[in-house]
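The values are calculated or read from the model by the stated rules, or taken from the named source; none is laboratory data. Keep in mind that what you see is a predicted model, and the values were worked out from it rather than measured. Counting neighbours? That spans all protein chains shown, and the Cβs are built from the backbone with ideal geometry, glycine included.
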Amino acid sequence: MHLFAVTGAPVLHSKSPALFAAAYPLHADDFAYFRMAAQSAEEAAWLFGELGLSGMNITAPFKGDMARLADVRAPEVQTLNACNTWVVEGGKKCAYNTDIFGVTGSLEKAGVTVAGKRCLVLGAGGAGGAAAYALRAAGGVVVIANRTVDKARRLAQSIGCSGVGLDEVAAIAPQADLIVSTLYPHVDALNEAWLTPQHVIFDAIYHGSALRDKARRAGCTFIDGAGWLLHQGAPAYRKFTGLEPDVESMEKSPLLKALPRHISLIGFMGSGKSAVAPALASLLGMPVLDVDAALEARCGASIPQLIGEKGEAYFREQERMALEDALASATPTVISCGGGAVTQPLLSKLLKENSIAIWIYAPPACCLSRIDVSTRPLLARHANPQQAAEELFEKRKSQYAKTAWMLVNTTCRSEVQVSRLIYDEISNILHR
Ligand code: S3P
């Protein structure tokens, strides 16, 4: 099974999985796709290698640093110094920028031709660069306007167009045929009085665009960022899977899906689930339930006793019942699962459907250093517990990946830091 992830700023994380989800069920056995809550490009790159991922989508603010950390950079990445896709090809981490197809694909779909048109790109960040590159390659006459003029000029020089400050937009915008805005929603750089029905306005924002109303009132043709998202996702999907994406059903798939109410923590023994669960529950103001503890209370025996005396199959049956009960509860709860819960396909499915499953991750050797092996019968029965842990983790890795909504790395992080990270990622999406 190939594993893929998306990493970057939490606020953007909801995008690619939604696009993947549409085509995903068909190939569910071939790959798993999850979010990765890294705090730097270096951490994302380390996790990429550690987990043996086959590919990754990258959102701001890591697009530049991830381009630098790749082994091979596609020509557009070399020009833009930014990538949004990593794929392992011939054992090398290759960086691509499919954002440019987000722009050309959206324009094509809207029936807008670019050759010979006067194009104004607002913003000289990753998205602005991709837009300017795409428009220039399609034969447009491109001007990049940015608050920091130097940044606009540098980018323009590498692409072969011109760069100006935002103060020049008043003179350029009325004459432009196409205006692409990649500015933050709160930056108001376009005056409605400059816009006419001849203008095509394309806003990279795909959720709550303020430009939309302005453009509509002025009678402009308006294109929103949802198409950009879709058309950058499709080529990444092709690179990841070698398959043709079902763009039509991707188009119909909602960008933001409602999240389930429980939060479950999955991951290997010693990864930190039991320590993180109460810290996260207190941040969220939710009750916490430890499945292993609930099961021990119900059976009146410890887990080593249960597995030792009645066998692993009996223990799994009890685990299934305890977790089913927890997930059926009407009270939103932080549920800490046993490390092997995801090995039961039914439980993996229930966790995915009824909870936001967070993969609490640390490398197996690190996990082992945190636990008393004598309390973990599945490892204690082996002469070499370290090797047993590594083999067991390898066997389970794809099951964690398939169940997880997001992975959080607990190496070198306290439970408070880990829970804060999870909290930030979840609330950014919940509060949109
Ligand atoms: C197990 C993990 C343990 C416990 C049991 C089996 C596993 O829980 O459920 O020993 O199969 O990985 P922790 O992950 O909390 O250690």
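Mind listing whichever residues of segment 52-68 are outside any loop (DSSP other than H, G, I, E, B) and not polar (S, T, N, Q)?
Of everything in segment 52-68, those that are outside any loop (DSSP other than H, G, I, E, B) and not polar (S, T, N, Q) turn out to be GLY55, MET56, ILE58, LYS63, GLY64, ASP65, MET66, ALA67, ARG68.
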Per the list (1) free of Cβ contacts under 8 Å to residues at least 40 places away in the same chain; (2) within 10 Å of the ligand (Cβ to nearest atom), residue check on ALA328 breaks on (2)
Any chance you could count how many residues in segment 283-317 are within 17 Å of ILE266 (Cα to Cα) and in contact with a Phe, Trp or Tyr (Cβ under 9 Å, 6 or more places away or on another chain)?
1
Wholly within segment 69-126, strands (runs of 3 or more DSSP E) carrying at least 2 residues that are modelled with pLDDT of 95 or more and acidic (Asp, Glu):
none
Is it fair to say GLU353 is among the acidic types (Asp, Glu), out of contact with any Phe, Trp or Tyr (no Cβ under 9 Å at 6 or more places or on another chain) and in contact (Cβ under 8 Å) with a residue 60 or more places away in the chain?
yes
Among the candidates ALA60, ALA37, ALA32, single out the residue that is modelled with pLDDT of 90 or more, surrounded by 15 or more Cβ atoms within 10 Å (Cβ to Cβ) and over 13 Å from ALA236 (Cα atoms).
ALA37
Does ILE205 count as under 29 Å from the mean Cα position of the chain (by Cα), closer than 15 Å to GLY123 by Cα and surrounded by fewer than 20 Cβ atoms within 10 Å (Cβ to Cβ)?
yes
Kindly provide the set of residues from segment 271-298 that are within 12 Å of the ligand (Cβ to nearest atom), in a helix (DSSP H, G or I) and either modelled with pLDDT under 95 or touching a Ser or Thr at 6+ places or on another chain (Cβ under 7 Å) (or both), ordered by number.
LYS273, SER274, VAL276, ALA277, VAL291, GLU296
